[in-house]
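The values are calculated or read from the model by the stated rules, or taken from the named source; none is laboratory data. From a predicted model like this one, the values you see are computed outputs, not experimental measurements. Here the Cβ is made from the backbone with ideal geometry for all residues, glycine too, and neighbour counts use every protein chain on show. Just so you know, the surface numbers come from the protein's heavy atoms only, side chains and all, with ligands and any DNA or RNA stripped out. Shrake-Rupley method; radii C 1.70, N 1.55, O 1.52, S 1.80 Å.
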Amino acid sequence: MFEMPSEDDIKAGRTTDVYFIRTERVLEEKGVNPSVVAEVTSSSTNLNVFAGLHDALKLLEGLPIDVYAMREGTIFYPREPVLYIVGRYLSFARYENPLLGFLCHASGIASRAASIKLAAGDKPVISFGTRRVHPALAHVVERSAWIGGMDGVSNVSAAQALGIPASGTMPHSLIICFGDQVAAWRAFDEVLEEDVPRVCLCDTYWDEKLESIMAAQTLGDRLSAVRLDTTSSRRGNIRRIVEEVRYELDIRGFSHVGIFVSGSMDEHSVAELADIVDGFGVGTSVSAAPPIDFALDIVEKEGVPCAKRGKWGGRKQVWRNWDTLEGRITPFGAHVDGMEPVLEKVMEDGRILIQSNHHDAREHLLSQLEVLRGRE
Ligand code: PCP
């Protein structure tokens, strides 16, 4: 129905670049099929979070290869292999494209989510961004945002797949349908279950301060927060607007009412507001985050290091001191005192050896963010 490949297309390696198909034919024709080690690395110096392993293993399942990888949610550094394959090159040649696609995209989203979560401190951040991407990507967007430390996701289908409740407030269209903010807020409160937070959108027709006071006077103690999603043409200095709304709510005895901000938020605007805002909704910055520039390179052939220029040769291990996040790269088989190996065997002869759970990955990431916060 929609313009996209089927799961069978992806699993069969058809969503690949033609030069891999031609390479297969040339090597087969000439009887060349070396045993290699091929590793995935990036040169990115941003806050990088590894994600996408779950789907990557499903893609490679059944191929006569062994795979070693980091846990999802691991913060990684430039040149550190996040995954490597051991096997005959023709066993996985055409899968380089979809493999990198799964890892580059998911890790890009998880990394941006983690940067925003780091900027938000202890304030919750909800992922609002699946409306900005192809619907077929909704699950990978929200799973990666969750691994990256987001505190909730708005997409219903993805939330169900993740096994978490979907999060959200109310859209402007609800207010416009009623044509009256108060009627809309009241209806929202009357109709929805008690476990749905009463967060009223307060910027549709009038000034944020006025609508916030109205919402507090309308729902009183039942109001948990007001959402400010001020349109860009009126946004001006959003920090001043939030301070004003905070002051006006407090002097009227509504200090229990939180302030939730959304609309073109990123790690910079979140950092600027985190001390006065109680929660954030972030869309494009996370869902349309740039992919990580992972590359897959052969670094060892028939047991001999053989990397191209710009790459470090030979099979490797990555080491981490999880208390300081200090890292080291060594040849495979070496040892580093006071550090733990990061790359573990996750596939043996095409059999998946681990369950890459998104909740465990998120906890793993959050514990590393605590170390980074400790440095600030
Ligand atoms: C949308 C939503 C969030 C926005 C998008 C998140 O706003 O409410 O605030 O996406 P962003 O981070 O990419 O801006 P609107 O479509 O303006 O409003 P509504 O809530 O009515 O859908």
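Below is a table of values for the structure above.
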{"quantity": "Accessible-area value, Tyr19, 1.4 Å probe, nucleic acids and ligands omitted, Å²", "calculated": "130 Å²"}
{"quantity": "By accessible area with a 1.4 Å probe, ligands and nucleic acids excluded, highest first: order of Ile298, Ile352", "calculated": "Ile298, Ile352"}
{"quantity": "Euclidean distance of C-alpha centroids, the range 313-348 and the range 86-115, integer Å", "calculated": "20 Å"}
{"quantity": "Charge dipole (the chain, unit charges on Cβ, about Cα centre) - positive-most of Ser356, Val196, Val67", "calculated": "Val67"}
{"quantity": "Heavy atoms of Tyr205 accessible to a 1.4 Å probe, total area in Å² rounded to 10", "calculated": "100 Å²"}
{"quantity": "Longest site-free stretch - the chain; sites: trypsin sites (Lys or Arg not before Pro), DSSP loop, at most 10 other Cβ within 10 Å", "calculated": "1-307"}
{"quantity": "Highest-MSF residue in the chain out of Met265, Met339, Met347 [GNM, Cα springs under 10 Å]", "calculated": "Met339"}
{"quantity": "Rounded to 5, the percent of DSSP beta bridges in the chain classed as antiparallel", "calculated": "70 percent"}
{"quantity": "Neighbourhood net charge (9 Å Cβ-Cβ; Lys/Arg +1, Asp/Glu -1) for Gly281", "calculated": "0"}
{"quantity": "The chain - charge dipole about Cα centre, Lys and Arg +1 at Cβ, Asp and Glu -1, debye rounded to 20", "calculated": "1060 debye"}
{"quantity": "Semi-axis lengths (Å, descending) of the ellipsoid that matches the C-alpha gyration tensor of the range 127-274", "calculated": "26, 19, 15"}
{"quantity": "Options Gln368, Leu325, Gly121, ranked by Cα towards positive dipole end of the chain, top entry (Cβ charges)", "calculated": "Leu325"}
{"quantity": "Gyration tensor verdict on the chain (Cα atoms; rounded if a/c is under 1.5, prolate if a/b is larger than b/c, oblate otherwise)", "calculated": "prolate"}
{"quantity": "Gap separating the Cα centres of the range 276-291 and the range 130-161, nearest whole Å", "calculated": "12 Å"}
{"quantity": "Probe 1.4 Å, all protein chains present, accessible-area order of Met1, Met150, largest first", "calculated": "Met1, Met150"}
{"quantity": "Among the listed pairs Lys11/Lys117; Lys30/Lys311; Lys11/Lys316; Lys301/Lys345; Lys30/Lys301; Lys58/Lys308, those beyond 24 Å (Cα-Cα)", "calculated": "Lys11/Lys117; Lys30/Lys311; Lys11/Lys316; Lys58/Lys308"}
{"quantity": "With all protein chains modelled, accessible area of Thr45 [1.4 Å, Å²]", "calculated": "120 Å²"}
{"quantity": "Most to least accessible of Asp278, Asp66 (protein chains only, probe 1.4 Å)", "calculated": "Asp278, Asp66"}
{"quantity": "Relative contact order (percent, whole number), the range 290-342, Cα cutoff 8 Å, 6+ residue spacing", "calculated": "26 percent"}
{"quantity": "Inter-probe distance in nm under a simple model that places probes 7 Å from Cα toward Cβ, at Ile176 and Val304", "calculated": "6.8 nm"}
{"quantity": "Most positive-pole-ward Cα, Thr231, Ala215, Tyr205, against dipole of the chain from beta carbon charges", "calculated": "Thr231"}
